[in-house]
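Readers should treat all values here as calculations from the given coordinates under stated rules, not as data from a laboratory. Owing to the predicted nature of the structure, the values given are computational and were not obtained by experimental measurement. Cβ sites come from the backbone with ideal geometry, for glycine too, and all protein chains shown count toward neighbours.
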Amino acid sequence: MIPQLICTLVLAQIAFAAPLDKEQKIVNGTDASIADFPFMVSLRGSTGRHSCGGSILNELWILTAAHCVNYYTTPYLQSIQVGRSEVSTDIDDSVYLIDDVIIHPYYDASNSYVNDVALIKLRKPLEFSDTVKPVTLPTKYDELDGTDLDVTLIGWGRLESDGDLPTTLQKVDYSVVLNDECNQRHSNHIYPSHICGATPGGGKGQCSGDSGGPLLHNGVQVGIVSWSIKPCTIAPYPGVLTKVSYFINFIEENMSK
């Protein structure tokens, strides 16, 4: 594992017993409505508690990070919850059981979590509605050109490194850090298939429990939350995500099986 690097999921597993404070925000984020992000899902462990984020691809498939499922597949990771701004441990029609998981064949947690992407297949199709819809994906190998780097991150991750897990979906607006600069800050741990995000002084972005969730640029999912230096959002280290445009073939080929 990269020194000082803590995969975003790990602390979320330890935190399940912590009390929740709905008034706090996710690393300077704000409450969000699932109606604005109907593709967002919560991955649930065997206790029904939130563990990672994900996004809806179609009626049967969910996109998430490989490290969310690599060591936590069924029976640990048993279900997802959809169509809810506030996650819960309830078992109702918002909960769907998981049938299968496909991890990228070249995922490597020991090498900067490269290829940190996975697909989850559900046991039965989702019922689409105003609050349950598929996400929009980028075109293959699409790159942001540097003139419009504003992005939005959403998730139910920790409010700070040792903070609480919120129940209400949170969002934060900040900016992409181009790969060359991100690579310099992280001492050559960044690959072309990564995308980074931060604010110049830190203080905004991903934290434990946000793993697998989407980074959005003009409504298109450009990233999947992967890892960050702890404490969360500390400057000058941007959060690191999987660049979705590099994995369109992986997504399309496996969803067609």
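Data overview
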| quantity | calculated |
| --- | --- |
| Relative contact order [Cα under 8 Å, 6+ residues apart], region 132-229, whole percent | 33 percent |
| Among T131, G203, N218 the positive-end extreme of the charge dipole of region 117-257 (Cβ point charges) | T131 |
| Under Karplus coefficients 6.51, -1.76 and 1.60, residue-wise ³J(HN,Hα) of region 233-248 in Hz, glycine/proline x | 6, 5, 6, x, 9, x, x, 10, 10, 7, 7, 4, 4, 7, 10, 5 |
| Derived scalar couplings ³J(HN,Hα) [region 119-133; Karplus, 6.51 cos²θ - 1.76 cosθ + 1.60; whole Hz; x for Gly, Pro] | 10, 10, 9, 8, 6, 9, x, 5, 9, 6, 7, 5, 10, 9, 8 |
| Gap separating the Cα centres of region 179-257 and region 88-125, nearest whole Å | 17 Å |
| By average C-beta atoms within 10 angstrom, highest first, the peptides 173-182, 214-223 | 214-223, 173-182 |
| Phi-based couplings in Hz for region 166-179 (Karplus 6.51, -1.76, 1.60; Gly and Pro marked x) | x, 8, 8, 3, 10, 9, 9, 9, 8, 9, 5, 9, 4, 4 |
| Total charge dipole magnitude, region 78-168, about the Cα centre, Cβ charges on Lys, Arg, Asp, Glu only, Debye to nearest 20 | 420 debye |
| Point-charge dipole on Cβ atoms (K/R +1, D/E -1) for region 147-209, about Cα centre, debye to 20 | 100 debye |
| Ratio of Rg to Rh over region 110-204 (Cα coordinates, Kirkwood Rh, two decimals) | 0.99 |
| Two-decimal Rg/Rh across region 177-218, once Rg and the Kirkwood Rh are taken from alpha-carbon atoms | 0.96 |
